[in-house]
Amino acid sequence: MKRNTGKFLLAAGMVLMMLSGCRREPTAADIMRKAVENTSKAESFSGNMLMEAGVGIKESGLSLGFDMTIDMDIDAVKESGACHMKGSVKADLADLAMDMELYCIPEEDGSGFTTYAKLGDDWTKVKNDEDEENNIAALMNLENYLEKGTKLKLEKEAEEKDGRELYVITTSVDSSISRGVGGVMDSMFGNDGKDLDFGDAQLDVTFRVYRDDMMPESVSLVLSGKDGEDLEIPNEEENEITFQDLRLVLEFEEFNHLDKIEAPAEALEAQSDSMDIMGDLEKDDDTVAEENTVEPELEKDQDGNYILKDWNGEREAAISPREGMKLDQYSEDTYLCFYKEGDGPYFAAYTMETLYGPEDKQFYTESKLKDKETYETMEGYSDIEYQEEQELEADGRKVTYVSLAYTYNETLYKKDIYAWTFIDDEHMLICEIGEYPEEKGEYAVDTSVIKKLFEGIKS
C-alpha cells in the first residue's frame, strides 16, 4: 500500500474512511447467499457446459477404456423448461467425434415435452408423455450444488475476467451428493438421478461469482471415487461402467435475455424415434403422479409447525402450515415455499437472513429499486409499477413490504412482493410472494393476504 506522507492526504484518507464506513468484507456464506438469491430470480440463461471424464466399460469379461469430452452451448428458459443444446461429443477411441444438437420443447397442452435431436445430419424426435422433471435451466440455481451443512471456503486470492473481479469459493462433499447435482448428472448418464449411488464419491465444487453484481461466472465440479478408486455408475444393463475424475464446468454468459425457445422447421418435420434421447427411465403414470405429490420430510415442532432455519443453522422460527396452500416439494429447512392453486394462484417463499449491519435492513427495498431500473432499460418490459415501503401489523409484529409489477411482451403479467419482519436485532424473516394473473391488474395478493402470511409464526 502506498504511504501517504502529507498531512492533507492523511486527513483526506480519514474523511474517506469515515464516509465509506467500516463494513467488513463478505464471508463465503454471505456471497453464496446473495448469489443463490440472484440466480433463483433469473428466468433464463445462456452458457457452455464442458464435461471431461475417463470412461471404463466391462462386459462379458471384456474391458474397454477411453477418454470422453462433451462440449455443449446451452440456452434454457426456467418457467417453460424449454432448452437448446448444441456442441460435440468426442472420444479418443478411434478418434470418434460427433456433432450433436438438442431441443427440448414443452407441448402447448402441457402434456409433456418433445425432444428433437440432430446427430450428424439427421433429426429425430421423441415425445415424453410423462411430466418432465429435468429442467436444464435448473443448472443455474446454485443451491442445487450445495449440501446442507457444507463448509464454504473463500479463497484469499480473487480472480479477474474481462476486467471484472471474481470471488472464488470452494467446497467439498463426502458421502452423498445433493439432489441438484444428481439432476445435473441425470442428463449426462442417462438416468433419473434416483438410482445413481454416489455414496462413495468425493465431490469438489468451485464457484466463481462476480463481485459487482453477485451473479455466477461459473460452477466447476470434480467428481471422483474415494481413495483414488474409480466411480461406478449403476445401470440396468449387465455391464459395469466406471468414471475416473469426472470434471464438469458450467460457464454462464448471459441471464434473463430469453423469452422462449423454438425448434427449427427441419426439426419439427423429423420422424418420431422410439429412443429416449435423454435416457430417462420409463415410469408409469401412477409413479409420476406419486412423485409430484410427495411432501418433503422437514423438521416440525410438537404442534406440527415447520421449522425454518437461517443459512448457518443457528437461528430458527416455527411456521404453521399455510391455510389453503400446499408445501412445495423442493422446500428445505432454510427455504419453505408454499403455493396456492385454483383462482388467484400465487406462491410464498420464506427464508431467514442474518443481519450484519443497519444497511442490510434496506437490502430488499434497494434490490427492488434496482430491479425497476433494470426492467426499464430492457426490451419487452412495460407498465412497470414500483410500490414504496408499506407497513402493516400481524400477530403484534411490524411487517414491511415493497412490490414491483410489470408486463412482459404485452402478454405476461407478473407481480413480486417482498415482505419482511425482524425476529430479533440480528435476524430478519422474509417472505417473497409472486403471482402471474391471467389479466392485467387482477392481483390476488393484497394487504390481508400479506398479513395472513405473517400470522402463525413463532420465534
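The values are calculated or read from the model by the stated rules, or taken from the named source; none is laboratory data. The structure presented is a predicted model; accordingly, all values stated were derived computationally and were not measured. Glycine gets a Cβ as well: all are built from the backbone with ideal geometry, and neighbour counts include every protein chain shown. For the accessible areas, the whole protein counts, side chains as well, though only heavy atoms, and no ligand, DNA or RNA atoms are used. Shrake-Rupley method; radii C 1.70, N 1.55, O 1.52, S 1.80 Å.
For the reader, a short list of remarks on this structure follows.
- Cβ-Cβ under 7 Å pairs, at least 6 apart or on other chains, the range 80-93 side outside any strand (DSSP E or B), far side of a type in the set (D, E, K, R): 80/260; 81/132; 82/260; 92/67
- Identity of the residue in the range 312-322, out of contact with any strand residue (DSSP E or B) (no Cβ under 7 Å at 6 or more places or on another chain) and at pLDDT below 90, that ends up least open to solvent (accessible area, probe 1.4 Å): 313
- Tally of residues being small (Gly, Ala, Ser) and within 16 Å of the chain's Cα centre (by Cα) across the range 319-337: 1
- Restricting the range 147-176 to residues that are open to solvent by less than 30 Å² (accessible area, probe 1.4 Å) and either touching a Leu at 6+ places or on another chain (Cβ under 9 Å) or polar (S, T, N, Q) (or both), the residue that is modelled with the lowest pLDDT: 173
- Residue 351 being at pLDDT 90 or above, in contact with a Lys or Arg (Cβ under 6 Å, 6 or more places away or on another chain) and either in a strand (DSSP E or B) or loosely packed, with under 12 Cβ neighbours inside 10 Å (or both): no
- Residues of the range 419-459 that turn out to be of a type in the set (A, V, I, L, M, F, W, C) and surrounded by fewer than 16 Cβ atoms within 10 Å (Cβ to Cβ), as a count: 1
- Pairs, first within 24 Å of residue 408 (Cβ to Cβ) in the range 439-459, second surrounded by 14 or more Cβ atoms within 10 Å (Cβ to Cβ) and basic (Lys, Arg), C-beta under 6 Å, six or more apart: 443/415
- Residue under evaluation residue 338, criteria (1) at positive phi; (2) surrounded by 15 or more Cβ atoms within 10 Å (Cβ to Cβ), criterion not met: (1)
- The range 7-64, subset small (Gly, Ala, Ser) and part of a helix (DSSP H, G or I), residue modelled with the highest pLDDT: 35
- Pair list, Cβ under 7 Å, 6 or more apart: the range 415-430 residue more than 26 Å from residue 372 (Cα to Cα), other residue open to solvent by less than 10 Å² (accessible area, probe 1.4 Å) and charged (D, E, K, R): 427/310
- Residues being within 26 Å of the chain's Cα centre (by Cα) and not in a loop (DSSP other than H, G, I, E, B) - total across the range 436-459: 2
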